[in-house]
Amino acid sequence: MDSAPWSADIEAARQQWLAAVASCAQLPALRSVQVECLGKNGAVTALVRRIAEVPPADKRAYGQATAALKAACETAIATRQTELEAAEVQAELDDATFDCTLPPAAVLGNRARPTGHAHPLCTVQQEVEAVFSSMGFAVLDYPEVESEFNNFEALNIPGWHPAREMQDTFWLDNGLLLRTHTSSGQVRALHTFQPPFRAVFAGKVFRYEATDASHEHTFHQLEGLLVDRVVSVGHLLDSMRTLLSAILRRQVEVRLRPGYFPFVEPGFELDIACQLCGGAGCSACKQSGWLELLPCGLVHPQVLRAGGLDPAQWQGWAFGLGLSRLAMMRYGIGDVRLLLGGDVRFLSQF
Ligand code: FA5
């Protein structure tokens, strides 16, 4: 049986475009071929549309043949694109001058992208760690997934204690939990180091709570713990003042109030005059002019015992800095939720 008059056109188009795709040696050339072949005004697109002129008896066969042609061209282009991209990467790798330590803009030439930078939380954390490092503190890192014992019980917060209500969290099926505060590292440190010792440990903490301008369900804290034969509230407060003036780079007004935490005695709340509104009141400080930033106190004897130390021999002080709020004060960020919101427009300002 004679083949239809249009089948030669379709076969010719197949050979022409598959050859054109195969001859592309660069991605831009391949993109041009793709437009000429499959674009709105492309040659194969025109063939597909020509079905309107085909006699009714041939329409089905014509439609199938042009669909197969279009699919063959699409597959060939996709395959060639993968090959050319791989070849480009290989060429970069083979280039003797390739230096994987250079930032992307320098390496990729005309495919340059802006380089990333440290997150404001990371910058503030590193600065606080540097201040404490200079005062002889070790910088430690503890897990975000914790045992109930380390997060609560070792800190003098048994299951029935009302303080558990203040820090509800996310529980895992295996009974572990996402730590509600960096204080969960205290008993780990007490078990690891021979006193006297001093350490800071920072990271993400999690709370099952409603969010607002100063409250996130996931935020950052930095814990400090010092253990020695004799410690004093004076030393603790002076260390806190040194920290704040080093990070905020100005004199800031602070206020000290009694604060209740089952794992310190006595306990304090160290608030900072809101740096966003200058004390006049705003949504970040809940119109009070003050922001809770740095609770602290002398380590409770029960905690020292849970850490294997004799409270008659050893004393300690501890603080739990709200690192996210410190970053807000440092950079003038009015809403804590921006910090982990992942919005590049926000992050690129730092
Ligand atoms: C604690 O988490 C205690 N573990 C701190 C502590 C450590 C006290 C050692 C004594 C000794 P608190 O829940 O207040 O305390 O949180 C500490 C700080 O974290 C707060 O002052 C605040 O700056 C910050 N913070 C608390 N909740 C949030 C939240 N939802 N979002 C952002 N920051 C928060």
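Quick notes on this structure:
- Selected from 165, 223, 144 as most flexible by GNM, with the chain as the system and alpha-carbon contacts under 10 Å: 165
- Cβ-Cβ distance of residue 163 and residue 122, R₀ of 22 Å, FRET efficiency by 1/(1 + (r/R0)^6): the value works out to about 0.15.
- For segment 267-289, the residues whose amide N sits under 20 Å from a probe point set 7 Å from the Cα of residue 245 along the beta carbon direction are 270-275.
- By the Cβ distance rule of under 4.7 Å, the chain has these cysteines without a partner: 24, 37, 73, 100, 122, 296.
- Surface per residue (accessible, 1.4 Å probe) for segment 3-100, Å²: 62 Å²
- For 161, 181, 191, the ranking by accessible surface with the largest value first comes to 191, 161, 181, using a 1.4 Å probe.
- Accessible area per residue, Å², segment 264-350 with all protein chains present, probe 1.4 Å: 40 Å²
- Compactness of the chain is given as radius of gyration and Dmax, 32.5, 106 Å, from Cα positions.
- Accessible area of segment 215-342 belonging to carbon and sulfur atoms, whole % at 1.4 Å probe: 50 percent
- Residue-span extension gain [residue 134 to residue 83] - 0.36 nm each, minus C-alpha spacing: 13.0 nm
- Note on surface exposure: 242, 66, 75 rank 75, 242, 66 by accessible area, highest first, 1.4 Å probe.
- Solvent exposure of segment 191-250, expressed per residue, is 45 Å² of accessible area, with all protein chains present and a 1.4 angstrom probe.
- Within the chain, the longest run free of trypsin sites (Lys or Arg not before Pro) that sit in a DSSP loop with at most 16 other Cβ atoms within 10 Å is 41-228.
- Split the accessible area of segment 3-100 by element, probe 1.4 Å, and carbon with sulfur accounts for 58%.
- Extension gain, residue 340 back to residue 26 (0.36 nm per residue minus Cα-Cα distance, nm): 109.0 nm
- Point-charge dipole on Cβ atoms (K/R +1, D/E -1) for the chain, about Cα centre, debye to 20: 700 debye
- Where 193, 152, 219 fall by accessible area, highest first, once all protein chains stay in place (1.4 Å): 193, 219, 152
- Between segment 54-82 and segment 326-342, the Cα center-to-center distance that results, in Å: 55 Å
The values are calculated or read from the model by the stated rules, or taken from the named source; none is laboratory data. Only a predicted model underlies this, so the values are computations on that prediction, with no experimental measurement involved. Note that each Cβ is placed from the backbone with ideal geometry, even for glycine, and that neighbours are counted across all protein chains shown. These accessible areas exclude ligands, DNA and RNA; they are computed on the full protein's heavy atoms, side chains included. Shrake-Rupley method; radii C 1.70, N 1.55, O 1.52, S 1.80 Å.
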